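> I'd like to ask you about the structure that follows.
Derivation of every value follows stated rules applied to the coordinates shown; laboratory data play no part. Keep in mind the model is a prediction, meaning the values are calculated, not measured. FYI the Cβ positions are ideal-geometry reconstructions off the backbone, even for glycines, and counts take in every protein chain you see.
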Ligand SMILES: O=C(CO)COP(=O)(O)O
């Protein structure tokens, strides 16, 4: 029972071998709650996945930041879900706003990717979120619902899905959503799942928040009833990521 707190670290396109060694050392030496309390998943760029996976403390898992939409083959530059499974990578982040906006990934394409990755046995961190213009025009929930719908139409089983609500205006900007703003969207998303998927899926699916999460603001966000964890960018490359993992204890306090 209950939704286990989930903290993901999205390293994005950052890191050299030396920096990766340093981050792994921080992660391995950090004092964190037991894996019964918090699930921790770090997502280095593809090229560092094998080394991070082999050096990371065993209770922390790894995620790829993307994968191809179907079976591998003549798709230059892509990495398939099968390859990730073959390497023992359990998770993949799909639909990150940087891929949606910079690489033109549509809701439908992201939905297809989620369905294919799940079919191959990967677990998926599926990202949704609105731009500043969309928020200001009052269409936040329409945008997020359309992104969720494209996934819901293509999958049956949500057991291996974590939804990451990442408002685009909060990503890498230092402008974190207020706890009230985050709770509002998380609760609407959960209601959307209850109405459009099922009450069970709404109750059990973790909805995590991403966008300028830091060691300083994580506890207040974690205290919100529908915030089940975080997807952290910039701060996942720093020692404060350990503090963010520790915000899981807010739920059990
Ligand atoms: O995009 C994010 C995580 O996927 C959030 O990035 P920042 O934490 O750097 O704002």
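> Just one of (1) touching a helix residue (DSSP H, G or I) at 6+ places or on another chain (Cβ under 8 Å); (2) more than 16 Å from the ligand (Cβ to nearest atom); (3) not in a helix (DSSP H, G or I) trips up residue 145, so point out which.
Single failed check for residue 145: (3).
> Which residues, counting only those in region 223-238, are touching a strand residue (DSSP E or B) at 6+ places or on another chain (Cβ under 7 Å) and in a loop (DSSP other than H, G, I, E, B)?
Result: 226, 227, 228, 233.
> Go through region 1-75 and tell me which strands (runs of 3 or more DSSP E), entirely inside it, have 2 or more residues that are free of Cβ contacts under 8 Å to residues at least 24 places away in the same chain.
Strands (runs of 3 or more DSSP E) meeting the threshold: none at all.
> Does region 172-208 hold any residues that are assigned to a loop (DSSP other than H, G, I, E, B), under 18 Å from the mean Cα position of the chain (by Cα) and within 17 Å of residue 126 (Cα to Cα), and which are they?
205, 206
> Applying the selection to region 13-38, what residues are surrounded by 15 or more Cβ atoms within 10 Å (Cβ to Cβ) and within 16 Å of the ligand (Cβ to nearest atom)?
Listed by number, the residues that qualify are 14, 15, 23.
> Could you tell me whether any residue of region 76-84 is within 18 Å of the chain's Cα centre (by Cα) and either away from the ligand (no atom under 16 Å from the Cβ) or closer than 24 Å to residue 15 by Cα (or both)?
Looking for residues that are within 18 Å of the chain's Cα centre (by Cα) and either away from the ligand (no atom under 16 Å from the Cβ) or closer than 24 Å to residue 15 by Cα (or both), one finds at least one in region 76-84, hence yes.
> Can you spot a residue in region 155-171 that is farther than 27 Å from residue 69 by Cα and assigned to a loop (DSSP other than H, G, I, E, B)?
no
> Looking only at region 101-120, decide whether some residue is more than 16 Å from the ligand (Cβ to nearest atom), within 28 Å of residue 28 (Cα to Cα) and not in a loop (DSSP other than H, G, I, E, B).
no
> Report yes if residue 129 is out of contact with any helix residue (DSSP H, G or I) (no Cβ under 8 Å at 6 or more places or on another chain), under 22 Å from residue 12 (Cβ atoms) and touching a residue at least 12 places away in the same chain (Cβ under 8 Å), otherwise no.
no
> Sticking with this one: Would you please list the contacts, defined by Cβ atoms under 7 Å and residues six or more apart or on different chains, that run from a residue in region 93-114 that is over 21 Å from residue 156 (Cα atoms) and without any contact (Cβ under 8 Å) to a residue 40 or more places away in the chain to a residue that is in a loop (DSSP other than H, G, I, E, B) and within 16 Å of the ligand (Cβ to nearest atom)?
As it stands, the answer is 99/66; 99/105; 105/95, since those pairs meet every condition given.
> Of the conditions (1) surrounded by 20 or more Cβ atoms within 10 Å (Cβ to Cβ); (2) away from the ligand (no atom under 16 Å from the Cβ); (3) within 24 Å of residue 44 (Cβ to Cβ), residue 158 clears all except one; give me its number.
Among (1) surrounded by 20 or more Cβ atoms within 10 Å (Cβ to Cβ); (2) away from the ligand (no atom under 16 Å from the Cβ); (3) within 24 Å of residue 44 (Cβ to Cβ), residue 158 violates only (3).
> Which residue is nearest to residue 148 (Cα to Cα), if the candidates are limited to region 213-222 and must be in a loop (DSSP other than H, G, I, E, B) and in contact with a strand residue (DSSP E or B) (Cβ under 9 Å, 6 or more places away or on another chain)?
Out of the qualifying residues, it is 213.
> Further question: Mind checking whether some residue in region 239-253 is over 16 Å from residue 4 (Cβ atoms), in contact with a strand residue (DSSP E or B) (Cβ under 6 Å, 6 or more places away or on another chain) and either more than 11 Å from the ligand (Cβ to nearest atom) or assigned to a loop (DSSP other than H, G, I, E, B) (or both)?
no
> Of all residues being farther than 11 Å from residue 48 by Cα and within 12 Å of the ligand (Cβ to nearest atom) in region 1-12, which is surrounded by the most Cβ atoms within 10 Å (Cβ to Cβ)? Just the residue, please.
Filtering region 1-12 for residues that are farther than 11 Å from residue 48 by Cα and within 12 Å of the ligand (Cβ to nearest atom), the one surrounded by the most Cβ atoms within 10 Å (Cβ to Cβ) comes out as 7.
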